[in-house]
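Here's the structure, in structure tokens; my notes come after.
Nothing in this text is a laboratory measurement; each read-out follows from the coordinates by a stated rule. Everything quoted here is computed from the prediction, not taken from an experiment. Cβ atoms come from the backbone with ideal geometry, glycine included; neighbour counts cover every protein chain shown.
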């Protein structure tokens, strides 16, 4: 049963990793000059909201987040129940990274990140939560202005920037762990997986951490 849970963790985790690549790629549109960024980002957002395929993928995304979180909680609780003897625990600490020993804590921080992020944007656009959303010159919801206005709050920007650090740490270990779970045990492959995990986690962490700072200091709604 534990093996099945780990497979679910690995598959849903890798699916979320792919989503993060797509999501960060779209966020790079926010780095364009203000007028171009507004037009490109609003058009992109409009196409996503009106695409049936994207709507179906969104459901898979929500399910992946739920299953990944639930399986992580179950595995963490099971590991705590095991309560290994002290000398075994010390041995484990010498042969494992801080990230691997604290994936539950890192995951909880990321879950808080996701909840706040969805409250700031998804709830406003999808559920109509909060004040009426602005409309751009093309009659589309002005998501760009919503993003810029939200990230002009220094506390929100600081929150995103700080939480990008545990995100990168979680991804760094998670990618390697998922690869092992799915059968990549050979040292030759694990070396490349480690390089990919390092590169991927750095790009994701820097991207999601620095874009809010850029918007706070340079963008105009």
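With springs only between Cα atoms under 10 Å apart, run a GNM on the chain and tell me which of 15, 28, 155 wobbles the most.
Among 15, 28, 155, the largest mean-square fluctuation in the Gaussian network model of the chain belongs to 155.
Helix-only mean residue ellipticity at 222 nm, the chain, DSSP H runs n ≥ 4 weighted -39,500 (n - 2.57), per residue, nearest 500. What is it?
Only helices count here, giving -26500 deg cm²/dmol.
With springs only between Cα atoms under 10 Å apart, run a GNM on the chain and tell me which of 172, 186, 117 wobbles the most.
It is 186.
Quick check: pseudo-label points 7 Å beyond the Cα along Cα→Cβ at residue 191 and residue 132, how many nm apart are they?
Between residue 191 and residue 132, the label points sit 6.3 nm apart.
Running a GNM on the chain with Cα contacts under 10 Å, which residue among 158, 53, 184 ends up with the highest mean-square fluctuation?
Checking each option, the largest mean-square fluctuation is seen for 53.
Exposure proxy check: 146, 125 ranked by fewest other beta carbons within 10 Å?
Fewest-to-most Cβ neighbours within 10 Å comes out as 125, 146.
Please compute P(r) over all alpha-carbon pairs of region 1-49, binned at 10 Å starting from zero, and give each bin as a whole-number percent.
Percent of Cα pairs in each bin: 23, 33, 20, 15, 8, 1.
Report the far tail of the P(r) of the chain, meaning the percent of Cα-Cα pairs longer than 26 Å.
The proportion of pairs with Cα distances above 26 Å equals 43 percent.
By how many degrees, between 0 and 90 and to the nearest 10, does the Cα long axis of helix 154-181 differ from the longest principal axis of the chain?
The angle comes out near 40 degrees.
In which sequence would 39, 132 go, from the one with the fewest C-beta neighbours within 10 Å to the one with the most?
The most exposed by this proxy come first: 132, 39.
Using Cβ counts within 10 Å as a stand-in for footprinting exposure, how do 78, 136 rank, fewest first? Mind dumping the intermediate values first?
On the way: 78 12, 136 17.
Fewest-to-most ranking of 78, 136: 78, 136.
I'd like the FRET efficiency for residue 152 and residue 80, computed as 1/(1 + (r/R0)^6) with the beta carbon distance as r and R0 of 45 Å, rounded to 0.05.
The formula returns an efficiency of 0.60 here.
Between region 141-211 and region 42-59, what is the C-alpha centre distance in whole Å?
Between the Cα centres of region 141-211 and region 42-59 lies a distance of 23 Å.
Please state, as a whole number in µm²/s, the translational diffusion coefficient that the Stokes-Einstein equation yields for region 108-221 at 10 °C and 1.306 mPa s, with Rh defined as the Kirkwood radius across alpha carbon pairs.
On the way: Rh = 16.1 Å.
Approximately 99 µm²/s, per Stokes-Einstein.
What is the calculated FRET efficiency for residue 53 to residue 125, with r their C-beta to C-beta distance and R₀ = 22 Å, to the nearest 0.05?
Calculated transfer efficiency: 0.75.
Taking 35 Å as R0, compute the FRET efficiency from the Cβ-Cβ separation of residue 60 and residue 199 and round it to 0.05.
0.85
For the chain, take the longest principal axis of its alpha carbons; what is the angle in degrees between that and the long axis of helix 2-27, to the nearest 10 within 0 to 90?
30
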